[in-house]
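One structure is given here, and the rest of the page talks about it.
The values are calculated or read from the model by the stated rules, or taken from the named source; none is laboratory data. Just so it is clear, the structure is predicted and the values come from calculations on it, not from any experiment. With ideal geometry, Cβ positions are generated from the backbone for all residues, glycine too; neighbour counts draw on all protein chains shown.
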Amino acid sequence: MPARLPPFERVIEEHGPALLRFCVAEAGPARADDCFQESLLAALRAYPRLRDPGAVRGWLFSIAARKAIDLHRAEARAPRRRADDPEAGDVGCEAPERDPALWARVRALPPKQHQAVTLRYVADLSHADIAQAMGTSEAAARRNVFEGLARLRKALRG
Amino acid sequence: MAPPDADRLARLRGALALRADAEGRVDVAFERHASPLGTLLLGATSHGLVRVGLPNDGEADVLDELAARISARVLHVAREPLTRARRQLDAYFEGRRRQFELALDWQLTRGFRRDVLRATARIPYGSTASYREIARRAGSPSAFRATGSALAANPLPIVVPCHRVLPASGELGSYRGGAAAKAQLLALERAMPTAREGAR
């Protein structure tokens, strides 16, 4: 018998706040709610097939990362609903919106670095969980975060 | 970093649970219910009420049990028969209801244990039966010890009134929710002549 999965309600309890922060940073404030709900619905559908209960966090964020990309594509097709719409700016509870200039730089990083930095500093994932979420080795996850930060530092200085 | 706004999270979680339920992805729905015994945890499958958790069962333990024995897709969502069960429990604790009319899912109990609980479910409001009597009604008169363990593992206390089963000595006996809770339920039903009769 596979190891026991915790009740899904507890997954939401434990990872919901970080997931919402991640969705705000990744999908943009206007699409964050959709990203959050779509990610958790997809996770709930697949949940009984998850083999390793210890990997829940990385697994959940791998789903969210894919959803955020899907929503970004949808956003690109609907230019009126951009994240920097004044209408969309009324979120007020997420750090990425407190420092839009910084987060614009983060979004401008190469995709892997950008995602690794967001998972590390917005969703507060460990390097092991980032590796799981992005489907890379832990060393690659560490390198993506490190190189992303280095590039950010350079951009902010310049 | 500031945590996301709690109201926003709560709203999103509520909407998510409703969508998940509408999609048929919630295998076990649960709700909390305030009662004179403390907060009860009510769990239901599509077949009916499957679990009544008493305060001393521990909410986290009950949720773990449901996840392990039924499905890990356990979510907090208001749906039938939970709403109905909550209304009937309120009426019961206010003395306005003597019988529960709810679809029950018996999957957390099997074999002789289930027979014991079915026999227990037929003990009328306000009366009591002995362990030996319930063993007989469940078809194994000599198995009154096994009857005791079946009652101790009752997944649906209150609704399946295991509090109405007492030792022949007239004492209160044990109860999954603690002796005080048992006394409280019997007092509510005014089923406490045992104290007098037991003294004879």
From B:ALA72, B:ALA78, B:ALA60, B:ALA68, residue being crowded, with 17+ Cβ neighbours inside 10 Å and among the small types (Gly, Ala, Ser): B:ALA72
Could you tell me whether any residue of region B:58-70 is more than 25 Å from B:GLY178 (Cβ to Cβ) and over 14 Å from the mean Cα position of the chain (by Cα)? yes
Would you mind stating whether B:LEU108 is more than 10 Å from chain A (Cβ to nearest Cβ), modelled with pLDDT of 95 or more and buried (at least 21 other Cβ atoms within 10 Å of the Cβ)? no
Selection over region A:1-41 where residues are under 19 Å from A:ILE130 (Cα atoms) and either surrounded by fewer than 15 Cβ atoms within 10 Å (Cβ to Cβ) or of a type outside the set (D, E, K, R) (or both) yields a count of 18
Can you find, within region B:40-69, the residue that is nearest to A:LEU44 (Cα to Cα) among those that are among the aliphatic types (A, V, I, L, M) and touching a helix residue (DSSP H, G or I) at 6+ places or on another chain (Cβ under 6 Å)? B:ALA44
Which of the residues that make up region B:21-36 are within 18 Å of B:LEU54 (Cβ to Cβ) and more than 10 Å from every other protein chain (Cβ to nearest Cβ)? B:GLU31, B:ARG32, B:HIS33, B:ALA34, B:SER35, B:PRO36
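So that you can scan it fast, the table gives a plain yes or no per residue for (1) modelled with pLDDT under 95; (2) touching a helix residue (DSSP H, G or I) at 6+ places or on another chain (Cβ under 8 Å); (3) part of a helix (DSSP H, G or I):
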residue	(1), (2), (3)
A:ALA3	yes, yes, no
A:PRO6	no, yes, no
A:CYS23	yes, yes, yes
A:LEU40	no, yes, yes
A:ALA43	no, yes, yes
Listed residues B:LEU66, B:LEU75, B:LEU49, B:LEU42; which is touching a Gly at 6+ places or on another chain (Cβ under 6 Å), within 23 Å of B:ALA20 (Cα to Cα) and not in a loop (DSSP other than H, G, I, E, B)? B:LEU66
When residues of region B:14-39 are filtered for being without any contact (Cβ under 8 Å) to a residue 24 or more places away in the chain, assigned to a helix (DSSP H, G or I) and touching a helix residue (DSSP H, G or I) at 6+ places or on another chain (Cβ under 9 Å), how many remain? 3
Index of the failed condition, B:LEU102 passing every other in (1) surrounded by 15 or more Cβ atoms within 10 Å (Cβ to Cβ); (2) touching a residue at least 24 places away in the same chain (Cβ under 8 Å); (3) farther than 30 Å from B:LEU186 by Cβ; (4) of a type in the set (A, V, I, L, M): (3)
Test result for B:ARG79, at pLDDT below 95, more than 8 Å from chain A (Cβ to nearest Cβ) and within 30 Å of A:TRP103 (Cβ to Cβ): no
Failed condition for A:GLY16, given (1) touching an Asp or Glu at 6+ places or on another chain (Cβ under 9 Å); (2) small (Gly, Ala, Ser); (3) within 7 Å of another protein chain (Cβ to nearest Cβ): (1)
Select from region B:46-68 the residues that are among the polar types (S, T, N, Q) and at pLDDT 95 or above and list them in ascending order. B:SER46
